[in-house]
Amino acid sequence: MIHDMMPGTEEQLQKELTSAYVGIDPTADSLHIGHLVGVMMLRHFQHAGHRPIALIGGATGMIGDPSMKSAERNLLDEATLRYNQDCIQKQLARFLDFESHAPHAAKLVNNYDWMKDYSFLGFIRDIGKMITVNYMMAKDSVKKRLSSDAKTGMSFTEFSYQLLQGYDFLYLYEHEGCRLQMGGSDQWGNITTGTELIRRKTGGEAFALTCPLITKSDGGKFGKTESGNVWLDRRYTSPYEFYQFWLNVSDEDAGKYIKIFTALSREEIAALKAEQAVAPHLRPLQKRLSREVTVMVHSQEDYDAAVEASTILFGNATSESLKKLDEDTLLAVFEGVPQFEISRDGLTAGIKAIDLCTEKAAIFPSKGEMRKLVQSGGVSLNKEKLTEPEQVITPENLLNNKYLLFQRGKKNYFLVIVK
């Protein structure tokens, strides 16, 4: 997980309990799995007996970090930032211990609290004079933005970002005894500006540690799917979709991610890799990775439900397991299968399966074809064999009071939505 660190960092961590922070941008009311890398660094840090500080960038979130960005971002108001912070803190509590009375209990801070009353004149007098423009211009994040597009350029607001992040480090150094800042490798320039500011302002020594930016072996962006980010909040990414994301990563990526996103020991990981080499079709790495991360982010119950939901599409699941699915999981499991909508009025008095599957929904091209397949046992409704084409379907057959799942043969599913 280590990409780079300043000389002396390791010695500092071995010498005494050390406070370290990771900055989190509160641009949404949920973290996504891209944030998990920094969170895992704080988690490892706390497990090793050190003190993690999660910094919500309420002030810096109002500006936007130019690192790895090609354009300036939209700015958020204070009420939105505060709401996002509360949501993020609840998520972080699954990974870090904020409640302990031990000296290494985690702490959450928001840089808006110390920036909101700092006047512009005060800031440029106290902080601005400590770092030269030449020093700031030499940073990769600034050079890339300035050279990428001469038309849009880079606003002074964005240019000042590294000073603000540097000041966060100085503030935490002075008020929380924080000696280390951690982040992705794209943050190296901003972090070292902070260590330089601490050195020039106080004569003290602070440290930087970065982790590699997580990539996918096929060159695609990590944590992105066709439907967007993979979120930690079930409102945006259901536990089933979350579990499926990890289960479907490539062998190469699974070998890399299991080291970063789990707390498994080197020995356990080596054993799983050996298993994978012998029987790659059994995918032990992906199975263990998806289990560890889903249980950590959601719960054991959510993981069990996701595994059971997976068997509905690919295994011999029963109608009972299908009926247990909540609506979000049901839709996630059958995403992409043909869907038909029918009106609830037509179902209230009951409708024959053969009429529904040919006239209301084009599941079969003709009644004759449906009769033939029903007779050979090839049609199911809600995972139960349909024995009679004339079987009457009523609202009692509905899943979640809204859905009917027809299966034609082994692999062809059809979802009927009753509106």
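The values are calculated or read from the model by the stated rules, or taken from the named source; none is laboratory data. In this text the structure is predicted, and so the values were computed from the model without any measurement. Cβ: placed from backbone, ideal geometry, glycine included. Neighbour counts: every protein chain shown. Side chains included, ligands, DNA and RNA excluded: accessible areas come from the protein's heavy atoms. Shrake-Rupley method; radii C 1.70, N 1.55, O 1.52, S 1.80 Å.
Specify the residue that is surrounded by the fewest Cβ atoms within 10 Å (Cβ to Cβ); the eligible residues are those in segment 176-230 that are more than 27 Å from residue 106 (Cα to Cα) and of a type in the set (Asp, Glu).
226
Filter segment 200-213 down to residues that are part of a loop (DSSP other than H, G, I, E, B) and either at pLDDT below 90 or over 18 Å from residue 130 (Cα atoms) (or both), then give me how many there are. Talk me through it step by step, then tell me what you get.
Quick first cut of segment 200-213, residues part of a loop (DSSP other than H, G, I, E, B) only: 203-206, 212-213.
Those left that are additionally either at pLDDT below 90 or over 18 Å from residue 130 (Cα atoms) (or both): 212-213.
Total meeting the criteria: 2.
Mind checking which residues of segment 214-232 are under 10 Å from residue 34 (Cβ atoms), assigned to a loop (DSSP other than H, G, I, E, B) and modelled with pLDDT of 90 or more?
Answer for segment 214-232, where residues must be under 10 Å from residue 34 (Cβ atoms), assigned to a loop (DSSP other than H, G, I, E, B) and modelled with pLDDT of 90 or more: 214, 230.
Out of (1) in contact (Cβ under 8 Å) with a residue 40 or more places away in the chain; (2) surrounded by fewer than 21 Cβ atoms within 10 Å (Cβ to Cβ); (3) assigned to a helix (DSSP H, G or I), the odd one out for residue 246 is which?
Failed condition: (2).
Please list, ordered by first then second residue, the pairs with beta carbon atoms under 7 Å, 6 or more apart or interchain, first in segment 286-309 and in contact (Cβ under 8 Å) with a residue 60 or more places away in the chain, second assigned to a helix (DSSP H, G or I) and basic (Lys, Arg).
303/291
Considering only segment 142-153, I want to know if a residue exists there that is touching a Leu at 6+ places or on another chain (Cβ under 9 Å), surrounded by 13 or more Cβ atoms within 10 Å (Cβ to Cβ) and touching a residue at least 40 places away in the same chain (Cβ under 8 Å).
no
If I filter segment 281-301 for residues that are at pLDDT below 95, among the polar types (S, T, N, Q) and open to solvent by 30 Å² or more (accessible area, probe 1.4 Å), do I get at least one hit?
Scanning segment 281-301, I find no residue that is at pLDDT below 95, among the polar types (S, T, N, Q) and open to solvent by 30 Å² or more (accessible area, probe 1.4 Å), so the answer is no.
Need the failing condition index for residue 116 against (1) of a type in the set (Lys, Arg); (2) within 22 Å of residue 195 (Cα to Cα); (3) free of Cβ contacts under 8 Å to residues at least 60 places away in the same chain, just the number.
Going through the list (1) of a type in the set (Lys, Arg); (2) within 22 Å of residue 195 (Cα to Cα); (3) free of Cβ contacts under 8 Å to residues at least 60 places away in the same chain, residue 116 breaks only (2).
Of the residues 411, 383, which single one is closer than 23 Å to residue 321 by Cβ and in contact with an Asp or Glu (Cβ under 9 Å, 6 or more places away or on another chain)?
Numbers: 411 fails: in contact with an Asp or Glu (Cβ under 9 Å, 6 or more places away or on another chain).
Step by step, each of 411, 383 is checked, and only 383 is closer than 23 Å to residue 321 by Cβ and in contact with an Asp or Glu (Cβ under 9 Å, 6 or more places away or on another chain).
If I ask for residues that are open to solvent by 10 Å² or more (accessible area, probe 1.4 Å) and touching a residue at least 60 places away in the same chain (Cβ under 8 Å), which ones from segment 42-59 would you list? First the steps, then the outcome.
Of segment 42-59, the ones open to solvent by 10 Å² or more (accessible area, probe 1.4 Å) are 43-51, 59.
Listed by number, the residues that qualify are 43, 44, 45, 46, 47, 59.
With a cut-off of at least 2 residues that are closer than 18 Å to residue 161 by Cβ, name the helices (runs of 4 or more DSSP H) lying wholly within segment 76-145. Let's see the steps before the verdict.
Working: elements: 78-92, 112-115, 120-126, 133-137.
Per the criteria, 112-115, 120-126, 133-137.
Could you pull out the residue among 198, 214, 131, 127 that is out of contact with any strand residue (DSSP E or B) (no Cβ under 6 Å at 6 or more places or on another chain) and within 30 Å of residue 258 (Cβ to Cβ)?
Values: 198 fails: within 30 Å of residue 258 (Cβ to Cβ); 131 fails: within 30 Å of residue 258 (Cβ to Cβ); 127 fails: within 30 Å of residue 258 (Cβ to Cβ).
Just one listed residue meets the conditions, 214.
Are there helices (runs of 4 or more DSSP H) fully within segment 313-419 with at least 1 residues that are open to solvent by 60 Å² or more (accessible area, probe 1.4 Å) and hydroxyl-bearing (Ser, Thr, Tyr)? List them.
Values: elements: 319-324, 327-333, 345-348, 367-375.
Those helices (runs of 4 or more DSSP H) span 345-348.
Would you mind finding the one in 307, 333 that is under 28 Å from residue 262 (Cα atoms), modelled with pLDDT under 95, among the aliphatic types (A, V, I, L, M) and touching a helix residue (DSSP H, G or I) at 6+ places or on another chain (Cβ under 6 Å)? Break it down stepwise before answering.
Values: 307 fails: touching a helix residue (DSSP H, G or I) at 6+ places or on another chain (Cβ under 6 Å).
Only one candidate qualifies: 333.
Could you tell me whether any residue of segment 197-207 is of a type in the set (Phe, Trp, Tyr) and without any contact (Cβ under 8 Å) to a residue 40 or more places away in the chain?
So in segment 197-207, the residues of a type in the set (Phe, Trp, Tyr) come out as 207.
After this cut, where a residue has to be without any contact (Cβ under 8 Å) to a residue 40 or more places away in the chain as well, the list is none.
No, because not a single residue in segment 197-207 is of a type in the set (Phe, Trp, Tyr) and without any contact (Cβ under 8 Å) to a residue 40 or more places away in the chain.
Here is a yes/no grid of residues against (1) open to solvent by less than 20 Å² (accessible area, probe 1.4 Å); (2) modelled with pLDDT under 95; (3) in a loop (DSSP other than H, G, I, E, B); (4) of a type in the set (Val, Ile, Thr):
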| position | (1), (2), (3), (4) |
| --- | --- |
| 234 | no, yes, yes, no |
| 253 | yes, no, no, no |
| 259 | no, no, no, no |
| 269 | yes, no, no, yes |
| 275 | no, no, no, no |
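Being closer than 13 Å to residue 361 by Cβ and of a type outside the set (Lys, Arg) is the filter; apply it to segment 391-411 and report the residue that is farthest from the chain's Cα centre (by Cα). Spell out the reasoning first.
Here is the first cut: in segment 391-411, the ones closer than 13 Å to residue 361 by Cβ are 393, 403-406, 408.
With of a type outside the set (Lys, Arg) added as a condition, the list becomes 393, 403-406.
Working: 393: 41, 403: 29, 404: 31, 405: 30, 406: 33 Å.
If we take residues in segment 391-411 being closer than 13 Å to residue 361 by Cβ and of a type outside the set (Lys, Arg), then 393 is farthest from the chain's Cα centre (by Cα).
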